[in-house]
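Presented below is the structure to which this report refers.
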Amino acid sequence: MLATLRFVTLDKTHIPKILEIEQSTHSAPWSQRSFENELEHKYGVFLVGFLEGEICAYGGVWILVDEAHVTNVVVRENLRGQGIGRRLMIELLEKARTKGAVCATLEVRASNASAIHLYETLGFVQTTVRKKYYPDNKEDAVVMMLNDLLDWKPSAK
Ligand SMILES: CC(C)(COP(=O)(O)OP(=O)(O)OC[C@H]1O[C@@H](n2cnc3c(N)ncnc32)[C@H](O)[C@@H]1OP(=O)(O)O)[C@@H](O)C(=O)NCCC(=O)NCCS
């Protein structure tokens, strides 16, 4: 099923479809401008996944000195639970490592059990909780960290 999965760098032609997916996914979706900013982000990596020619996923990191901060990760709803999110994270973090990142961080909604599980299987650990971090519903954020990106050897399932 995932034999044709490929990741490419975000291009402006991808943005209309990504916006559609984004708006059906997040309660506080990124704007078109936010995605356009990723096109020329000096310290960013933003990848788009294609499965059988269709956009199936996207996500990005910003590299802040030597830390890769995960900014957005989405898999189309009907394609979740098959390992695409894991493959996307691996691609993102491997690219970040080639650009000098030695560790990675992210925030995730405390209720997002599937994302937290995915990040833990990739080696992230929960470090702290930011109370009422998300403005839309005042939900807490769990801060997660992957400490040693240099020695990190995840396996794709
Ligand atoms: C988080 C997300 C990117 C994961 O993508 P995915 O392609 O489904 O991820 P994978 O299939 O690679 O792995 C999902 C893991 O979570 C598990 N999982 C799925 N639903 C789960 C749930 N409700 N509770 C716990 N684990 C769950 C899967 O079994 C799998 O674990 P396994 O590898 O041990 O079997 C996807 O769910 C998504 O786009 N969610 C909406 C956007 C979002 O929340 N992004 C993250 C913001 S921080």
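The values are calculated or read from the model by the stated rules, or taken from the named source; none is laboratory data. None of these values were measured; they are calculated from a predicted model. Positions of Cβ are generated from backbone atoms using ideal geometry, with glycine treated the same way; all protein chains shown enter the neighbour counts. For accessibility, only protein heavy atoms count, side chains too; no ligands or nucleic acids. Shrake-Rupley method; radii C 1.70, N 1.55, O 1.52, S 1.80 Å.
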Summing -39500 (n - 2.57) over the DSSP H runs of n ≥ 4 in the chain and dividing by its residue number, what mean residue ellipticity at 222 nm do you reach, to the nearest 500 deg cm²/dmol?
-8000 deg cm²/dmol
Two-decimal Rg/Rh across the chain, once Rg and the Kirkwood Rh are taken from alpha-carbon atoms
0.93
Would you work out which of ALA68, ALA156, TYR43 lies farthest towards the positive end of the dipole of the chain, given +1 charges on the beta-carbon of Lys and Arg and -1 on that of Asp and Glu, about the Cα centre?
ALA156
Quickly work out the LYS17-to-GLU52 label distance, labels modelled 7 Å from Cα along the C-beta direction, and quote it in nm with one decimal.
1.3
Using the heavy atoms of the protein chains and a 1.4 angstrom probe, tell me the accessible area per residue for the chain in square angstrom.
55
A 1.4 Å probe over the protein heavy atoms gives region 6-146 a carbon and sulfur accessible-area percentage of 49
So for the chain, averaging the separation of alpha carbon pairs under 8 Å that are six or more residues apart and normalising by length, what relative contact order in percent results?
18
